[in-house]
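Participant: Dropping a structure here in structure tokens format, bear with me for questions.
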4 protein chains.
Amino acid sequence: MHIGLIGLGKMGGNMRTRLRNAGIEVTGFDQNPDVTDVATLDELVAALPSPRTIWVMVPAGKITDSVVSDLHDRLDAGDLVIDGGNSRFTEDFKHAELLSAKGIDYIDAGVSGGVWGLENGYGLMVGGSAAQVERVMPVFDALRPEGPREEGFVHVGEVGAGHYAKMVHNGIEYALMQAYAEGFELLEKREDIIRDVPGTFKAWQRGTVVRSWLLELLVRALDEDDDLSEIEGYVEDSGEGRWTIEEAVANAVPVPTISASIFARFVSRQEDSPAMKAVAALRNQFGGHSVKKSDD
Amino acid sequence: MHIGLIGLGKMGGNMRTRLRNAGIEVTGFDQNPDVTDVATLDELVAALPSPRTIWVMVPAGKITDSVVSDLHDRLDAGDLVIDGGNSRFTEDFKHAELLSAKGIDYIDAGVSGGVWGLENGYGLMVGGSAAQVERVMPVFDALRPEGPREEGFVHVGEVGAGHYAKMVHNGIEYALMQAYAEGFELLEKREDIIRDVPGTFKAWQRGTVVRSWLLELLVRALDEDDDLSEIEGYVEDSGEGRWTIEEAVANAVPVPTISASIFARFVSRQEDSPAMKAVAALRNQFGGHSVKKSDD
Amino acid sequence: MHIGLIGLGKMGGNMRTRLRNAGIEVTGFDQNPDVTDVATLDELVAALPSPRTIWVMVPAGKITDSVVSDLHDRLDAGDLVIDGGNSRFTEDFKHAELLSAKGIDYIDAGVSGGVWGLENGYGLMVGGSAAQVERVMPVFDALRPEGPREEGFVHVGEVGAGHYAKMVHNGIEYALMQAYAEGFELLEKREDIIRDVPGTFKAWQRGTVVRSWLLELLVRALDEDDDLSEIEGYVEDSGEGRWTIEEAVANAVPVPTISASIFARFVSRQEDSPAMKAVAALRNQFGGHSVKKSDD
Amino acid sequence: MHIGLIGLGKMGGNMRTRLRNAGIEVTGFDQNPDVTDVATLDELVAALPSPRTIWVMVPAGKITDSVVSDLHDRLDAGDLVIDGGNSRFTEDFKHAELLSAKGIDYIDAGVSGGVWGLENGYGLMVGGSAAQVERVMPVFDALRPEGPREEGFVHVGEVGAGHYAKMVHNGIEYALMQAYAEGFELLEKREDIIRDVPGTFKAWQRGTVVRSWLLELLVRALDEDDDLSEIEGYVEDSGEGRWTIEEAVANAVPVPTISASIFARFVSRQEDSPAMKAVAALRNQFGGHSVKKSDD
């Protein structure tokens, strides 16, 4: 099997390696001349056997839009585009519609695993027609972790379903991370009682109810920096978390832990909180409680 | 009527004035020689007609404990102690029991109104026996706001009920403040759309669903500093908010907004968040996402 | 002044009355023949002096869209459309653009006050050009509460600003209601301590920090049904609350109390919670904890 | 090694088996004659070699208190009591002090793993003196999972530290469960998009960021009942979750996801929500919105 792969960054680059290791022929294209296999998109298209399969692994939003549009202009009926990036599932409807006008097929693939995917394989959630999914199963099999297929791969539904599932996956992920983080702070805070915070997390890796891969990663982080003193409590968030909240609200699904975890990230990035200025001002007004002046 | 008043700080001092303005005779005692009417607690006790009524208005916890103990040693059967401070309602059970052993009566009074109470009167929630409450009604009538008695005063139940109601009052207060504060941030954030944040709050004072006294105070604060730039978003919390959460948890009452408002205060006081360090560390581990170094 | 008013339901009907009481001439149009002043939209347009002013007070979304489109077809350059409904502020951009192509002006007006507006006046937040706002100020003055104009009316910014401010107002409103509601449950739960829940709320109306119009409404509700036993804990939500969350997420504004209040409403409407089924299932799996069978 | 084990329920019974399988001699005592090895506590004490080691595995609170008191009366200096139940860490201070007065040693052991512990081993977090922990290490080694000791066992600190760590563990566990549960509801809600909810969870078991033991248990639950239709969304909570909130509040640690998960459980057990009655009543008051009558 021979596929094209657009986007050879942290994720795409590793995926090319994993695919090749599994015997899949991959022609990669990236703007970065140091990593690309071909010089232009036209070259990529020309290099692939028909019907072509091209996996797109670029940042969601405008860049994915632009790549899909470029592919629409260059591909033929019967070709297949797979968006493996973190696109919003609603984008899939748009992309599939655009491509289908020329008879080009479309699959959306949610991909989880981060930098560890090269070694461990990637968890895959895909949306699209059964026939197309079947056709590129060798690619999915190469990317997914070893073990039973159904434990690392799922055909979730029609177009959009893969990214919807990935969005929910990431929403859950946000809340899981926040849960361990709250536990970390509860342990750290009582250093008079807890003499070995990293050792406590380490000991939770076997037998306990809270054991997980994220826990193992936290153990690794604490191995490197046992009180995380070198890291600032400043956390970015990406689209999936926000979309999860929006979908929850649109569908009347209560998501108190997922929303709490994204709000905690928002706060973590604020130098000063406008909301808490207002609360401080109110306390000062009714109780004469002193406030901290900004120039303190 | 002639009562004793222990504690002449921001609250107690104003209350003495309001009581005297209403024709109640007040002998005040405070450690601060500049404000006290008598030099010692013994003098205070000696100055009062029997059966004595002493209103205690000192910080909750050890200081209130100590004052109650001192009064226990000095008062006689038939005397009455009123704790008007912010004691936890469970303390009232203890204080009432101690005093009742000598036949001394006890009332707990939750007092709301802050520095505005001198002018507006104080909202009062009291716990104790009907007979005792009736006996000191002139004092309550002097302290409470003008208007129908039941709109500024309530006999909530037996001993402890006054402080329980005040605790819940303060829990609600925390969440109300946070609600306006979130709204303030939402308005501030879109200065491209909202050209007049203070004017918006000002306009909510009449006719709207959100009009309230706290809103009026926020309008005052914005009159003084229209973007609150002089105030830091650093907010203390006092016992009542925390006790409200504890009572909620003990009684299986869900309190998502009250807890959110107290957690927001906790976060506001942290220079760096241990929890968010942990989240940042986790993102770095699985995604290779960069972290901010503490010495950045 | 003579204006047209489209939509004569609970809100629009009262507004017509209040406007007429203030000496504004109003021609109202509604699908309901019992309340309308004219039989058709064409008649309404014909009845108004030029330049015309038409206030639209119909449900947000498709109905407002349709009315704006109908007006676009019938009005002339220099006429003015005011959307006083609960439209999303992003809709205003669309409506203003459509109308401006024909030279028709547009104002968005957030209106608060509910069924009490007839008597108390309506809190108004408007967006649009200064000239247009000035032109219809007599209408705003008639609708807004008595007292200083700036305490019941604000010109918040350009088109969209009025509805943005109203959206935030409603987000705050949700959280305020939830705050009192949590307090109510905390008081109700301890009937062993709190002997008079309605009396407690009643006593908070004067002097306390939590006094507000919503509190007065809760007192009214408890006057009618002292433990709310006749009301089910089932609560709808409308667009503004959801949009507030979406805007907050889009702008990285933490809104823990507003989101908690909307999630509480979602839960209130569920017969059974899928999420809590999952938690019950998990507890059963790891701990052997018994679950309630659905047919219990 | 020969130890006594008090409490042979779901946890204690399995632990006896696992200990015996590992070659530890165990004399068990339980009120239930069908499972006990000896008829009375006196017999248990008499059966053990000196210095005795007795592991207590009974419900936290009064029952543990009573057993510790009974052991205090029967044991000698140099004997050791291990509380492996879910006691609050503050209880450990009390128990250790009581026993130390007679020279009896004390260890608190947090034990995680539920019904799976027999097969997988139990995650152990212990508090106490290094010498005592060392002395009973063979017992801990028999109970903990296979693999490196530090991945399933930790000596967290002095007395109380084990149960503190277990409390935090359970707080985290609550939030993790809620996170997956919210994801489940988000997937279930969009059955138009997600055609295979159980398959999606199954596929998350390998390679993804959210893989964990709890996820595996959810997969098992969905294998048995693919939409959880047989289970009611009614969830109990136990002490640890509540204590976690109390400790968080006492130490000013923000725990938004842990608190959200416990509040969700509270709500799940309510037939009707007093708080939501109040919100419904308020909406009815200001907006004339209809309410559901309780007898609807």
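Participant: Using Cα atoms only, what is the angle between the long axis of helix B:274-287 and the major principal axis of chain B, expressed in degrees (0 to 90) to the nearest 10?
Facilitator: 20
Participant: Would you mind classifying the protein assembly as shown by shape? Square roots of the alpha carbon gyration tensor eigenvalues, ordered a ≥ b ≥ c; an a/c under 1.5 is rounded, otherwise it is prolate if a/b is larger than b/c and oblate if not.
Facilitator: Cα axes put the protein assembly as shown in the oblate bin.
Participant: Please work out whether region B:119-159 counts as rounded, prolate or oblate from its C-alpha gyration tensor, where a ≥ b ≥ c are the square roots of the eigenvalues and a/c under 1.5 means rounded, while otherwise a/b larger than b/c means prolate and anything else oblate?
Facilitator: Prolate, because a/c is 1.5 or more and a/b exceeds b/c.
Participant: Taking all protein chains together and a probe of 1.4 Å, list A:K202, B:K62, C:K277 from the most accessible to the least accessible.
Facilitator: The most accessible residue leads, giving B:K62, A:K202, C:K277.
Participant: Something else: A:H289: accessible area at probe 1.4 Å, nearest 10 Å²?
Facilitator: 60
Participant: Which percent, nearest 5, of DSSP beta bridges in region B:91-174 are antiparallel? All intermediate terms of the calculation are to be shown ahead of the outcome.
Facilitator: On the way: 5 of 9 bridges.
Given both bridge residues lie in region B:91-174, the antiparallel proportion sits at roughly 55 percent.
Participant: Looking at region A:178-215, which GluC sites (Glu not before Pro) are DSSP coil and have at most 12 other C-beta atoms within 10 Å of their C-beta?
Facilitator: A:E191
Participant: According to the square roots a ≥ b ≥ c of the eigenvalues of the Cα gyration tensor, what is the shape class of region C:2-158, taking rounded for a/c under 1.5, prolate for a/b larger than b/c otherwise, and oblate for the remainder?
Facilitator: Details: a/c = 1.44, a/b = 1.12, b/c = 1.28.
In terms of gyration-tensor shape, rounded.
Participant: Calculate how steeply helix A:62-74 sits against the longest principal axis of the alpha-carbon atoms of chain A, using the helix alpha-carbon long axis, and give the answer as 0 to 90 degrees to the nearest 10.
Facilitator: For helix A:62-74, the angle is close to 0 degrees.
Participant: What figure in square angstrom, to the nearest 10, would you give for the accessible area of C:M276 with a 1.4 Å probe?
Facilitator: 10
Participant: Just to be sure I understand the model, the point goes 7 Å from the Cα along the line to the Cβ. What's the resulting C:M137 to D:H289 distance in nm?
Facilitator: 3.5
Participant: Let me check I have the definition right: for region B:222-282, take the eigenvalues of the Cα gyration tensor, multiply each by 5, take square roots. What are those semi-axes in whole Å, largest first?
Facilitator: 26, 21, 10
Participant: Moving to a separate point now. Antiparallel as a % of all DSSP beta bridges within region B:37-177, to the nearest 5?
Facilitator: 30
Participant: Using a 1.4 angstrom probe on the protein heavy atoms only, could you order B:D223, A:D30 from most to least accessible area?
Facilitator: Ranking B:D223, A:D30 by accessible area, largest first, yields B:D223, A:D30.
Participant: Measure nothing but the geometry: give the 0 to 90° angle between the long axis through the Cα atoms of A:161-189 and the longest principal axis through the Cα atoms of chain A, rounded to 10°.
Facilitator: It is inclined by approximately 30 degrees.
Participant: Here are some pairs, B:K94/D:K102; B:K277/D:K277; A:K292/B:K10; which of them have Cα atoms lying more than 29 Å apart in this structure?
Facilitator: B:K94/D:K102; B:K277/D:K277
Participant: Ignoring ligands and nucleic acids, what accessible area does C:T17 show with a 1.4 Å probe (Å², nearest 10)?
Facilitator: 60
Participant: Is it possible to state the helix-based mean residue ellipticity at 222 nm for chain C, with each DSSP H run of 4+ residues giving -39500 (n - 2.57), the sum divided by total residues, to the nearest 500 deg cm²/dmol? What is it?
Facilitator: -15500 deg cm²/dmol
Participant: If you don't mind, there's one more thing I want to ask. So what does log10 I(q)/I(0) come out to for region B:167-285 at q = 0.21 Å⁻¹, using the Debye formula with one equal point on every Cα and no solvent?
Facilitator: The calculated log intensity ratios at q = 0.21 Å⁻¹ are -1.21.
Participant: May I pose another question? What Kirkwood radius, in Å to one decimal, follows from the Cα pairs of chain D?
Facilitator: After inverting the mean inverse Cα-Cα distance, the result is 21.7 Å.
Participant: When only C-alpha pairs under 8 Å and at least 6 residues apart count, what is the relative contact order of chain D, in percent? Intermediate results must be reported in sequence, preceding the final value.
Facilitator: Values: 422 pairs, mean separation 35.6, N = 296.
Normalised by residue count, the contact order of chain D is 12 percent.
Participant: Please check: in the Gaussian network model of chain C (C-alpha springs, under 10 Å), which one of C:S229, C:S268, C:S129 has the largest mean-square fluctuation.
Facilitator: Of the options given, C:S229 has the highest mean-square fluctuation.
The values are calculated or read from the model by the stated rules, or taken from the named source; none is laboratory data. As the structure is a computational prediction, the values presented were derived from the model and not from experiment. Note that each Cβ is placed from the backbone with ideal geometry, even for glycine, and that neighbours are counted across all protein chains shown. Heavy atoms of the whole protein, side chains included, go into the accessibility calculation; ligands, DNA and RNA do not. Shrake-Rupley method; radii C 1.70, N 1.55, O 1.52, S 1.80 Å.
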